[in-house]
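To start, the structure itself, in structure tokens.
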Amino acid sequence: MATPLLQVEHLEKSYGDVHILHDINLTIATGSVTVLLGPSGSGKSTLIRCLNGLEDFQSGQLTFSGQPVTPNAKTWQQLRQKIGMVFQSYDLFPNLTVLDNILLGPLKVQHRSKAEAQEQAVKLLKEVGLADYQDAYPRQLSGGQKQRIAIVRALALNPEFMLFDEVTASLDPEMVRGVLEVLRNLAQQKMTMLVVTHEMNFAREIADQVVFLEEGHILEQTPGQQFFANPQTERAQIFLNSMDF
Amino acid sequence: MATPLLQVEHLEKSYGDVHILHDINLTIATGSVTVLLGPSGSGKSTLIRCLNGLEDFQSGQLTFSGQPVTPNAKTWQQLRQKIGMVFQSYDLFPNLTVLDNILLGPLKVQHRSKAEAQEQAVKLLKEVGLADYQDAYPRQLSGGQKQRIAIVRALALNPEFMLFDEVTASLDPEMVRGVLEVLRNLAQQKMTMLVVTHEMNFAREIADQVVFLEEGHILEQTPGQQFFANPQTERAQIFLNSMDF
Amino acid sequence: AETTKISTIKKRGTIKIAVFGDLPPYGWVDKNGKRQGYDIALAKQVGKDLGVKVKYVQVNADSRVDALNSDKVDLVLANFTVTPERKQVISFAKPYMKVSIGVISPKSKPITKVSQLSGKNLIVNKGTTAEQYFTKNSKGATLQKYDSKTQQFNALKNGRAAALADDNSYLYAWVKNNPKYTVGIKHLGPNQYIAPGVKKGNKSLLKWTNKEITKLNNNGFFDKNYKQNLKPYFGSDVTAKDIVIK
Amino acid sequence: MSWTIIQQSIPVFVQAFWLTLKLSFYGIIGAIIVGLIASFLRYFKVPVLRQISAAYTEISRNTPLLIQLFFIYYAFPEIGIKISATAAGISGLIFLGGSYMAEAIYGGLQGVAKIQVESGLAIGLSRGQLARYVVFPQGLTLSVPAIAANVIFLIKETSIFTVIAIPELTNTALDQIGLYYHTDESLFVLVIAYAIILIPLSLALTWLERRARRGSFGN
Amino acid sequence: MAHSGINILFAGQNFTRLLGGLWVSAKISIVSLVIGILLGLLLGALRTLKNPVLRTILRLYLEFFRIVPTVVLLFLFYYILPKNFNVNLSAQIVAMLVFALWVAAEMSDIVRGALISVPRHQKEAGMAIGLNGPQLYRYVLLPQAVGLMIPATINLMTRVIKTTSLLLLISVMDVVNIGQQIIEANRQVYPNGAFWVYGLIFILYFLLCYPLSAWARHLERRQNNNA
Ligand SMILES: Nc1ncnc2c1ncn2[C@@H]1O[C@H](COP(=O)(O)OP(=O)(O)OP(=O)(O)O)[C@@H](O)[C@H]1O
Ligand SMILES: Nc1ncnc2c1ncn2[C@@H]1O[C@H](COP(=O)(O)OP(=O)(O)OP(=O)(O)O)[C@@H](O)[C@H]1O
Ligand SMILES: [Mg+2]
Ligand SMILES: [Mg+2]
């Protein structure tokens, strides 16, 4: 088997006295889509945030592209160029135009040439169907449009790995489709992704593997089709039932 | 046919120059469940808010229980005891306990006896499965619990008519079920209700009639089963397709 | 508002007198919180002769006229210099003191003529005769107007101006303790008079006060007052003749 | 009230008016700079300097300008720091205003949503870049209403400069009263003068507050 | 000079006198704050009503007190109003009155700001259960707004306390005025007494204001954490 893109071993995370994540072990293969499922409060967001250093953790080892990650500010800042993340809440910088939002990372962090970065940004914007919005400010966009831009902003750094935390949860139902479309395309282009979502139909369609989390424990780590057809644990079965009301 | 509980005739509503609702005509029979559907921004919330006087409208006639409604502050304040409403956002009063939230209306508006009102409140809380939370503050509750309390708070006034505006839209998927359960029970008890929801399966199950709104026009007003099986307009068909992604 | 006649004051049993609280040796407060000074002694005598209690109202220079006009006080005994402007808005009784303006400066750069002040900074104390005088005849000097004696003398010591103008009696007293400075100009302008202030139109109190001043002058009250309150402060460079009116 | 007297006093007041404006202007600019520096130190948790700036903030906010000026003007020369009355007035305003501005600015920085900081980190920005491109631009916009309120407050505080003999508006009015006793007229002109400066500012403040609330930045 | 400046503070009754002056400042602050805050609550609530006339009047009231410096207000109420109308109040009463009116004005703006930042759906939820206007304020809006306005209110308190340093202008025997008396009475004996006296006043003000500021900051932090 090829080197996995990301390997998590024995990760433990507490907030103060409260133990949130217990002995997390997780392998993510290059080019695969992992869907992270679990009830509310089970620790999905916390885990995903540990993976790009937005939360620090008490113990455990991360290995990215075969390199062990030393968790300090400097390493993370470097690594975040390779690990893109999109959140549930619309998080574009309201003081910058769409294009400036996208270019901030490539220009200021990666010090790339303006011409080249801009060319790429325009190309990406076209792909998500928002080529006309370069000079708009975030407040002029709908929620779905903002999320698509946020994805472009992350992609503009040419990451090797993308984290998505419920990126459609705050959207009007009619807006969801466009954003999922973008994720689906990424998966087809073999982007490695870790996705938290409540859109079960979408999860079923896209997941190479499913990780099921409950109360901070990984209960299952199963190939996607198998999980949806026949989850290994009873808890996951109950969860699945509750989702397609 | 018996007198309808609510009759809306030729209602027109604008915000400033923008015409939001056009010639709305609507009849709601006592004991029936009406589901209001329509794309985002079509005016569902605006319409529902007009029906209990949270928005005023430019022209049109409401008739409640056979009585024409004169739209002024006094009438509305009276009428709101008969028309309960629950919103999308969790709107419990954070400064009051659960019980005080529920008792505020019965005691201060309806001047009922504390013993009697409290007895009813406890009974209602039991029905929604939250009897243990009387003395909790809203911040100690999950979203789904808050919404159930909000429903109890409205019911405590013994309303004849209930308005629900996307009461599950801000909830985690696993919380949705409990709240819909409460609505389903109400429907079984023949409460007259007007419901805005994006939960299509639920809408299909519960709707005696569906009102489909687009850009402030009622495009359809059809019995529930007929609407979902075979909507009259193409627009409604497209809408239904977009919803079951 | 209606003016307070002598009869009303007597009926009331108190006379309200505006005084300074921070101007030794005229009107000040000692370390035990008791009011002291030349003006205070006069106020006490007035109270005694009227047969009423004295209620002191502490004012600052800017507010002496308004204190009268808004009936906060019946009488002002607060180093109140008679000027034409003030005469238009209030009435002065007979003066009980005379002052003359002097100017002090460092011995190293003495100012002996007003013309030397041109283009320089000059310190004065707000509400004093010196301020009045130099506001009208500044002769090219820029005035710095301070609220209190401490402030003005501090400013001079900090070298914020070339000279300081004030009642010359003060200046003599001050240079005694500050030998680096000299009273370069000893007299300036016409003699000025300090008098009790009364609200305009209060004829009854004005008449009474005039009689009182005359009486006190004749019975040597002011000489005694000088010896008690001013002499210890001013020392021997100043004599009673420079201040008390005969 | 007599118009002749008002007219006669106009020239003196005009001078005082410009002086008040000038002192306010420098004082406020300085206060904003100090406020920026202090909130910068606090935001970046710069060791030692941050504690010093915190101590400064406490002293500045919890004592009256009157007493602050007194020390700057009368006491500092004793230890060899002598500045002109104008400079002392401006320094006092900066000393007082700096802490008020720091609170206003830091409050704005804190108002920047946490998600904004995190998404900045997520695209690899360093803390400095985060401050430069995300937190300060947004935070300063959020703090504009509070800064504007402080501007009004500080302009009014110049009325205390009378204690160090600066002939600004209030001092001039009190002096006119002491000299000529046209109290009504002097105060009338004084109020008009302040109104000319402050009414436009106050209107601007209302406008800014309304704009901030509507969230020109709202996502 | 043989006298060390610090002795000026302890000669005779000086220290007690200064504390007495501080008490006058504190008393005026307390009374005016209590009255002003209560009045401000009422005015602030009124300012959220839709009535345009009322709004304009209250807005003008606020602007007047915001624009006119305190010194002028004190002069106006102490000297000018008695002259033109027949009211004659003592200096302390005038000080309390002026400060209370000023506090009420500033407070009305704080209250209004807090009230309108209570989320709109809270108000609507209250209306939806049939509460009338006053009940809405009493049970829903005010209790939720109070938390939002406390830090700003405490900051206003420290400003009021600090502004009492201007009261000497209308003959109130406050701590600054007494300090001035002591300094001038001892100018010959203690030429540097001013620094000691003002230094002590500086510290006294700090001791009055600092606990309040610290409390405000504490509350603010707690609020941010809860948000
Ligand atoms: N900053 C924090 N301090 C303390 N506890 C926290 C903090 N953030 C999250 N938690 C707790 O950690 C647990 C996991 O939270 P997390 O947000 O990771 O859940 P989740 O699976 O993402 O839930 P959801 O589906 O609602 O987003 C929860 O119990 C939550 O209360
Ligand atoms: N206060 C307001 N002022 C002006 N326009 C408004 C206001 N509230 C709503 N609108 C507009 O009225 C229209 C209908 O809005 P409404 O909230 O009723 O739609 P909706 O059908 O409830 O949508 P959603 O499904 O997103 O809740 C929209 O175009 C909206 O922008
Ligand atoms: Mg989460
Ligand atoms: Mg809606």
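Counted as qualifying within segment C:4-93 are the helices (runs of 4 or more DSSP H) with 2 or more residues that are within 22 Å of D:Asn171 (Cβ to Cβ) and within 12 Å of another protein chain (Cβ to nearest Cβ), namely C:64-69, C:84-89.
Residues that are surrounded by 14 or more Cβ atoms within 10 Å (Cβ to Cβ), more than 18 Å from the chain's Cα centre (by Cα) and outside any helix (DSSP H, G or I) within segment E:40-89 comprise E:Thr48, E:Asn88, E:Leu89, listed in sequence order. In this structure, B:Phe64 does not qualify as within 16 Å of ligand 4 (Cβ to nearest atom), in contact with a helix residue (DSSP H, G or I) (Cβ under 9 Å, 6 or more places away or on another chain), among the hydrophobic types (A, V, I, L, M, F, W, C) and under 19 Å from B:Met191 (Cα atoms). Taking segment D:1-106 and the helices (runs of 4 or more DSSP H) fully enclosed by it, the elements with 2 or more residues that are surrounded by fewer than 20 Cβ atoms within 10 Å (Cβ to Cβ) and in contact (Cβ under 8 Å) with a residue 12 or more places away in the chain are at D:3-43, D:49-61.
If the condition is being free of Cβ contacts under 8 Å to residues at least 24 places away in the same chain and either in contact with a helix residue (DSSP H, G or I) (Cβ under 9 Å, 6 or more places away or on another chain) or more than 26 Å from C:Gln192 (Cα to Cα) (or both), then segment C:41-80 contributes C:Lys48, C:Ser63, C:Asp66. Before we move on, is A:Ser45 open to solvent by 20 Å² or more (accessible area, probe 1.4 Å), within 30 Å of A:Gln188 (Cα to Cα), within 16 Å of ligand 1 (Cβ to nearest atom) and within 16 Å of the chain's Cα centre (by Cα)? Yes, satisfied. Would it be correct to say that C:Thr214 is assigned to a strand (DSSP E or B), open to solvent by 10 Å² or more (accessible area, probe 1.4 Å) and modelled with pLDDT of 90 or more? When the stated conditions are applied, C:Thr214 does not pass them.
Would you check if D:Ile152 is more than 14 Å from chain A (Cβ to nearest Cβ), open to solvent by less than 20 Å² (accessible area, probe 1.4 Å) and within 30 Å of D:Trp18 (Cα to Cα)? The answer is yes for D:Ile152.
Just one of the listed residues (A:Gly178, A:Gly216) is open to solvent by 20 Å² or more (accessible area, probe 1.4 Å), of a type in the set (Gly, Ala, Ser) and away from ligand 4 (no atom under 16 Å from the Cβ), and it is A:Gly178. The combined condition, being in the same structural domain as B:Thr222 (by TED's automatic domain parsing), surrounded by 22 or more Cβ atoms within 10 Å (Cβ to Cβ) and away from ligand 2 (no atom under 16 Å from the Cβ), is fulfilled by B:Val33.
When each of A:Pro94, A:Pro71 is tested for being open to solvent by 40 Å² or more (accessible area, probe 1.4 Å) and assigned to a loop (DSSP other than H, G, I, E, B), the lone residue that passes is A:Pro71. Annotation: of all residues in segment B:1-24 being away from ligand 4 (no atom under 16 Å from the Cβ), under 18 Å from the mean Cα position of the chain (by Cα) and outside any loop (DSSP other than H, G, I, E, B), the one that is farthest from the other protein chains (Cβ to nearest Cβ) is B:Gln7.
Beta carbons closer than 8 Å, at least 6 apart along the sequence or on distinct chains, pair a first residue in segment B:85-97 that is over 18 Å from B:Phe161 (Cα atoms) with a second that is within 16 Å of ligand 3 (Cβ to nearest atom) for B:Ser89/B:Ser170; B:Tyr90/B:Gly143; B:Tyr90/B:Ser170.
Among residues that are open to solvent by less than 10 Å² (accessible area, probe 1.4 Å), within 16 Å of ligand 4 (Cβ to nearest atom) and under 30 Å from A:Ser170 (Cβ atoms), B:Leu54 is not included.
Criterion applied to A:Gly60, A:Gly53 was being of a type in the set (Gly, Ala, Ser), assigned to a loop (DSSP other than H, G, I, E, B) and assigned by TED's automatic domain parsing to the domain that holds A:Phe227, and the one residue passing it is A:Gly53. Is segment D:158-177 home to any residue that is farther than 16 Å from D:Thr20 by Cα and crowded, with 20+ Cβ neighbours inside 10 Å? Yes - at least one qualifying residue is present in segment D:158-177. In segment B:107-221, counting only helices (runs of 4 or more DSSP H) that sit wholly within it, the ones holding 1 or more residues that are away from ligand 2 (no atom under 16 Å from the Cβ) and within 14 Å of chain A (Cβ to nearest Cβ) span B:143-155, B:173-188, B:200-206.
From the list D:Thr162, D:Thr141, D:Thr183, which residue is within 14 Å of chain A (Cβ to nearest Cβ) and at pLDDT below 90? D:Thr141 is the lone residue from the list that is within 14 Å of chain A (Cβ to nearest Cβ) and at pLDDT below 90. Do we have D:Ile192 as open to solvent by less than 20 Å² (accessible area, probe 1.4 Å) and either modelled with pLDDT of 90 or more or more than 11 Å from chain C (Cβ to nearest Cβ) (or both) here? So D:Ile192 does not fit the description; no. Just a yes or no: is a residue in segment E:158-173 closer than 28 Å to E:Asn88 by Cβ, more than 15 Å from the chain's Cα centre (by Cα), more than 8 Å from every other protein chain (Cβ to nearest Cβ) and not polar (S, T, N, Q)? Within segment E:158-173, one or more residues are closer than 28 Å to E:Asn88 by Cβ, more than 15 Å from the chain's Cα centre (by Cα), more than 8 Å from every other protein chain (Cβ to nearest Cβ) and not polar (S, T, N, Q). Residues that are assigned to a helix (DSSP H, G or I), among the β-branched types (Val, Ile, Thr) and surrounded by 19 or more Cβ atoms within 10 Å (Cβ to Cβ) do not occur anywhere in segment E:116-137. Just to be sure before I move on: is B:Val196 more than 16 Å from ligand 3 (Cβ to nearest atom), open to solvent by less than 30 Å² (accessible area, probe 1.4 Å) and over 25 Å from B:Leu21 (Cα atoms) in the structure I sent? Spelling it out, it is not the case that B:Val196 is more than 16 Å from ligand 3 (Cβ to nearest atom), open to solvent by less than 30 Å² (accessible area, probe 1.4 Å) and over 25 Å from B:Leu21 (Cα atoms). Evaluation of B:Arg177 against the conditions (1) touching a residue at least 24 places away in the same chain (Cβ under 8 Å); (2) within 16 Å of ligand 1 (Cβ to nearest atom) shows that the sole unmet condition is (1).
The values are calculated or read from the model by the stated rules, or taken from the named source; none is laboratory data. Every value quoted in this text rests on a predicted model; they were computed, and no experiment measured them. All Cβ positions, even for glycine, are placed from backbone atoms using ideal geometry, and neighbour counts span all protein chains on display. With ligands, DNA and RNA removed, areas are computed over all heavy atoms of the protein, side chains included. Shrake-Rupley method; radii C 1.70, N 1.55, O 1.52, S 1.80 Å.
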